[in-house]
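Visitor: The structure follows.
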Amino acid sequence: MFGYNGKLLRVNLTEKRSSVEEIPEKIARDYIGGRGFVARYLWDEIRPGTDPLSPENKIVIATGPLSGVFLPSSGKIEFGTKSPHTGGYADSNMGGHLSSELKLAGYDMVIIEGKSEKPVFLFIDDDRVEIRDASAYWGMGALSSEKKLKEDLGEEFQIAVIGPAGERGVTFSCISHDFGRQAGRAGVACVMGAKGLKAMAVRGTKTVPVAEPGKLLEKSRSMYRAIYEIPAFHTWTPYGTADITSFINENGAFPTKNFSRGFFEKAGEITGQKLREKIHVKDKGCFGCPIPCGKYSRVTYKGDTRYVEGPEYETIALVGGNCLIGDIAEIGYINYWMDEYGVDTISGGNVIGFALECIEKGIIPAEAVEGRELKFGDPDSVLYLLEKIVRKEGIGEILSQGVRKAAEILGKGSERFAIHVKGLEVSGYEPRNAAGMLLAYMTSDIGAHHGRAWAITYDIAVGRYEVKGKAEKVIDLQHIRPVIDMLTVCRFPWIELGFPLEEYEEVFKFVTGLDWGWKEFKKVGERVYNLTRAFNIREIKGFGRKDDYPPKRFYEEPLEGEGPTAGQHVSLEVLDAMLDDYYSLRGWTKDGRPTKEKLEELDLGFVSRELESI
Amino acid sequence: MKFKLNEETCSGCRTCQAICSLVHFEKVNPKLGALKIDAHFPEPGAYTIRHCTQCGACAAACPLQAIEERNGVYRVVPEKCVRCGACVDACPHGVIFLHAEIPYAVKCDNCGECIRICPRVALMDEEGEVANDVRL
């Protein structure tokens, strides 16, 4: 199988042993790699009803056919599990150099099973695989542990590591790599922590077999050259994801004060330009990437200086706008601590924004925060809550489970402004004035995450309140994005530079030998989207249409404050109409279940049979 | 040809290593790239580049005269090399190396492919003979 090693490494932490297994060719053809492998292996290997924090849950780590290949931005790796944060399907990807390293070590995938009583880390050096004692690293921050692991093993080892948040069971903890790349969403790190797995360290030196190396060289070289000719190569790259801050704010879609507003008057202070001007140290890229979005920075807050990669746009939105922090260095400083503790900055900023609103409304009483006066716009308040969450002390214990569970515990109407879908906190786009983006959040398989279908630019282009055509667009994006995550390339050359998706067809052919086009790719995308929907139906009791609704704030409360979208919101009727349209186009029932016919059409007959038996 | 470096712009992407292995060995294996990128994180946040300066220390150390110079470029003669590793120990930059898949020592032959492809113009040609594909 060209483009693959054809091997998965299975590691059982209970029995302290590992084995190498073949990956069947049919699986590679039907699921491509990365996110597709994660979806299929989780469906097959996790027993229905498994407790996410039990030894029976598994973590699937997968590369794709383009990992490690000379090709623009081919550095992504996927992590998946049954989520302790949402109870449903979870995958999260990150860039850096781990994907190519694991591929060169001779594996397409790693599956982690069981649980170690003592802290361990997984050591992979080509064929040498060991489960090693991690007591020297347990309790250390994610960035500090990576530094120490590199000192102990060698700089060339690529490390994925969790921080204290993952160790202690914060359900929105993240996996960290390369001092600033994170697989952050839906709590894969929390499952690592529950398994006693602090880190994975990988070194690989082997060649990945490809079908036509000569043609691959020519094709990829022309792809780099084409990227160099795109104007945004020069204008976007210096600022990375933070480049979009002003655009989103000016369009009234910037999450502000726990999603009560769409416009932040201090947004001009937290742009990519301000980052570059005030705190930037280095542009930092992932494997093969010509457009390094990583902005490595140095920040000082109250005399304490720290190095942090970022802040990225999502952190700027959720820690900045959503907590009313209007200073790029302050956001960077909070970002540092979230990275060091190993907390997802998206859920982290969202949860803390929620907590600050609860405090403002008296739902969290002063005595629950040791009598402190915590408020929006105050970095110390954010840092205080963050530390409580990581320590799981007092109010932190409640907040450490995310906004959905915190609102269930706190009550008093707080569920109205617990900003999540399916238990996953909404990321950095205020969707009340962007019907497509809202539908994308609602129907995202892992819960509200922008990366599953980034429809906001389409909304702005065609008219935000226009409902017609939005479901169709969201579905199309939901079939393209899994493919990018299955090939394990980065979406940014396409999304940010407008690099044509068709370019990947030829390179895929020269790597795998398969003459596929986007028609075939999208079919796999649809297969995976239906499979993960089925996973949620299997694992979450009574899962269906009701799980696709956003918080009431989004359809009952008009946006407050200033900006072009102030006073506006989407109605429940519009939501229902979009959902009906979406389900019907997908071939799902009105309750959001894939029909038997649809599943069979997608070669998912085995899924249909299992769902019928529930 | 000699390299000129602009390490401040290097973003650590290793595209140079990826193209090097494909050009010389038709292999997808960045570890066969004949130049090395060292990352310095978390502090101070920098990348440094190690490359062959064609200094000839490898050739001087080779007991079999398996590394020959022509026009200022030192090349390994595969038929003569027995992978003894003397050159590896002698290289002041750590950029000649042995790899399990290649039957002779691997080093830079000054082809300039890495300079052409570098997205950051971190690698340049001191004599101006090899242009980078990125137009600044």
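Read-outs throughout are calculated quantities, based only on the coordinates presented, and are distinct from any laboratory measurement. Every value quoted in this text rests on a predicted model; they were computed, and no experiment measured them. Counting neighbours? That spans all protein chains shown, and the Cβs are built from the backbone with ideal geometry, glycine included.
Visitor: Compute the distance in nm between two label points, each set 7 Å from the Cα along the Cα-to-Cβ direction, one at B:Ala100 and one at A:Thr14.
Guide: Roughly 3.2 nm, to one decimal.
Visitor: Report the Cα centroid-to-centroid distance between the stretch A:493-535 and the stretch A:419-451 in angstrom, as an integer.
Guide: Rounded to whole Å, the Cα centres lie 23 Å apart.
Visitor: Here's a follow-up. Ratio of alpha-carbon Rg to the 2.2 N^0.38 Å globular estimate for the stretch A:473-542, to two decimals, please.
Guide: 1.26
Visitor: Of A:Trp516, A:Pro290, B:Ile115, which is farthest towards the positive pole of the protein assembly as shown's charge dipole, taken about the Cα centre with +1 and -1 on the beta-carbons of Lys, Arg and Asp, Glu respectively?
Guide: Sorting the options by dipole projection puts first A:Trp516.
Visitor: Leaving out same-chain residues fewer than 8 places away, which lysines sit with a Cα under 17 Å from that of A:Lys215?
Guide: A:Lys509, B:Lys27
Visitor: Average projected area of the Cα convex hull of the stretch B:88-135, in nm²? Display every interim value, and only then the final one.
Guide: On the way: hull surface 18.4 nm².
The orientation-averaged projected area of the Cα hull of the stretch B:88-135 comes to 4.6 nm².
Visitor: Based on alpha-carbon centroids, what's the gap between the stretch A:192-251 and the stretch A:256-306 in Å, whole number please?
Guide: 19
Visitor: Still on this structure, I have one more. I want to check the label-to-label distance for A:Arg372 and A:Asp152. Put each point 7 Å from Cα in the C-beta direction and report it in nm to one decimal.
Guide: A separation of 3.2 nm, rounded to one decimal place.
Visitor: Now a separate question. Just how large is the dipole of the stretch A:111-191 about the Cα centre, in debye to the nearest 20, putting +1 at every Lys and Arg Cβ and -1 at every Asp and Glu Cβ?
Guide: 480
Visitor: Next question, about the same structure. Compute the separation of the alpha-carbon centres of the stretch A:51-112 and the stretch B:103-136 and state it in Å as a whole number.
Guide: With the stretch A:51-112 and the stretch B:103-136 each reduced to a Cα centre, they are spaced 33 Å.
Visitor: Expressed as a fraction of 2.2 N^0.38 Å, the rule-of-thumb size for a compact globular protein of N residues, what is the C-alpha radius of gyration of the stretch A:50-113?
Guide: 1.23
Visitor: Relative to the present Cα-Cα distance, how much length would full extension add between A:Lys118 and A:Lys596 at 0.36 nm per residue of separation?
Guide: 167.6 nm
Visitor: What shape does the stretch A:482-614 take by its C-alpha gyration tensor, where a ≥ b ≥ c are the square roots of the eigenvalues and a/c under 1.5 counts as rounded, a/b above b/c as prolate, and the rest as oblate?
Guide: Cα axes put the stretch A:482-614 in the oblate bin.
Visitor: Taking just the alpha-carbon atoms of the stretch A:142-192, what radius of gyration and Dmax come out, in angstrom?
Guide: 10.8, 31
Visitor: Looking at this model, which pairs from A:Lys219/A:Lys278; A:Lys115/A:Lys523; A:Lys422/A:Lys522; A:Lys361/A:Lys590 are more than 32 angstrom apart at the alpha-carbon?
Guide: Too far apart for the 32 Å limit: A:Lys219/A:Lys278; A:Lys115/A:Lys523; A:Lys361/A:Lys590.
Visitor: What's the longest uninterrupted piece of chain B once you rule out the trypsin sites (Lys or Arg not before Pro) that are loop residues per DSSP with at most 16 other Cβ within 10 Å?
Guide: On the way: sites that count: B:Lys2, B:Lys80, B:Arg83, B:Arg135.
Counting only loop sites that pass the neighbour cut-off, the longest clear stretch is B:3-79.
Visitor: Would you tally the net charge around A:Gly349, using a Cβ to Cβ cut-off of less than 10 Å, leaving A:Gly349 out, and scoring K and R as +1, D and E as -1?
Guide: Local charge sum for A:Gly349: -3.
Visitor: Which whole-number percent is the relative contact order of the stretch A:496-614 (Cα, under 8 Å, 6+ apart)?
Guide: It rounds to 23 percent for the stretch A:496-614.
Visitor: Follow-up question, since we're still on this one. Just to confirm the number: angle between the C-alpha axis of helix B:15-25 and the first principal axis of chain B, 0 to 90 degrees, nearest 10?
Guide: For B:15-25 against chain B, the angle is about 30 degrees.
Visitor: For the stretch A:248-346, take the convex hull of the Cα atoms, compute a quarter of its surface area, and give me that in nm², please. Write out the running numbers ahead of the final one.
Guide: Numbers: hull surface 26.6 nm².
Its Cα hull, projected and averaged over all orientations, spans 6.6 nm².
Visitor: Quick one: compute the contact order of the stretch A:170-279, relative version, from alpha carbon pairs under 8 angstrom and 6+ residues apart, as a percent.
Guide: Details: 81 pairs, mean separation 15.9, N = 110.
14 percent.
Visitor: So, counting K/R as plus one and D/E as minus one, what does the shell of residues with Cβ under 12 Å around B:Glu129 add up to? Before the final figure, lay out each step's value.
Guide: Working: positive: B:Lys2, B:Lys4, B:Arg116; negative: B:Asp125, B:Glu126, B:Glu127.
Taking every other residue near B:Glu129 into account, the sum is 0.
Visitor: Return, for the Cα atoms of the stretch A:72-189, the radius of gyration and Dmax in Å, separated by a comma.
Guide: 13.8, 42
Visitor: For A:His234 and A:Lys412 in the same chain, what is the full-extension length gain: residue separation times 0.36 nm, less their Cα-Cα distance, in nm?
Guide: 59.0 nm
Visitor: As an exercise, use a Förster radius of 30 Å and the Cβ-Cβ distance of A:Arg545 and A:Gln568 to find the FRET efficiency, rounded to the nearest 0.05.
Guide: It comes out at approximately 0.75.
Visitor: Of all the Cα-Cα pairs you can form in the stretch A:329-414, what percent are over 17 Å apart?
Guide: Tail of P(r) above 17 Å: 40 percent of Cα pairs.
Visitor: What is the stretch A:215-255 by shape, rounded, prolate or oblate, if you read a ≥ b ≥ c off the alpha carbon gyration tensor as root eigenvalues and call it rounded for a/c under 1.5, prolate for a/b larger than b/c, and oblate otherwise? Mind dumping the intermediate values first?
Guide: Numbers: a/c = 4.25, a/b = 3.26, b/c = 1.31.
The shape class here is prolate.
Visitor: How large is the Rg to Rh ratio of the stretch A:197-295 when both quantities use alpha carbon positions and Rh follows Kirkwood?
Guide: 1.13
Visitor: Note down the relative contact order for chain A as a percent, whole number, built from C-alpha pairs under 8 angstrom at least six residues apart.
Guide: Taking the mean separation of contacting Cα pairs over the length of chain A, I get 16 percent.
Visitor: If you build the convex hull over the alpha carbons only and average its shadow over all orientations, what do you get for the stretch A:393-487? Give it in nm² to one decimal.
Guide: Mean projected area of the Cα convex hull: 7.3 nm².
Visitor: Could you name the aspartates and glutamates whose alpha carbon sits less than 16 Å from that of A:Lys274, not counting residues in the same chain fewer than 8 places away?
Guide: A:Asp243, A:Glu265, A:Asp283, A:Glu309, A:Glu312, A:Glu314, A:Asp327, A:Glu330
Visitor: On to the next question. In units of 2.2 N^0.38 Å, what is the alpha-carbon radius of gyration of the protein assembly as shown?
Guide: So the protein assembly as shown has a normalised radius of gyration of 0.93.
Visitor: Can you give the FRET efficiency for A:Glu466 and A:Glu520, using 1/(1 + (r/R0)^6), R0 = 35 Å, r = Cβ-Cβ distance, to the nearest 0.05?
Guide: After rounding, the FRET efficiency stands at 0.65.
Visitor: Something else now. Cα gyration tensor of the stretch A:1-121, axes a ≥ b ≥ c as square roots of the eigenvalues: rounded (a/c below 1.5), prolate (a/b > b/c) or oblate?
Guide: prolate
Visitor: While we're on this one: Suppose we keep just the alpha-carbon trace of chain B; what are its Rg and Dmax in angstrom?
Guide: Both quantities, over Cα of chain B: 14.9, 45 Å.
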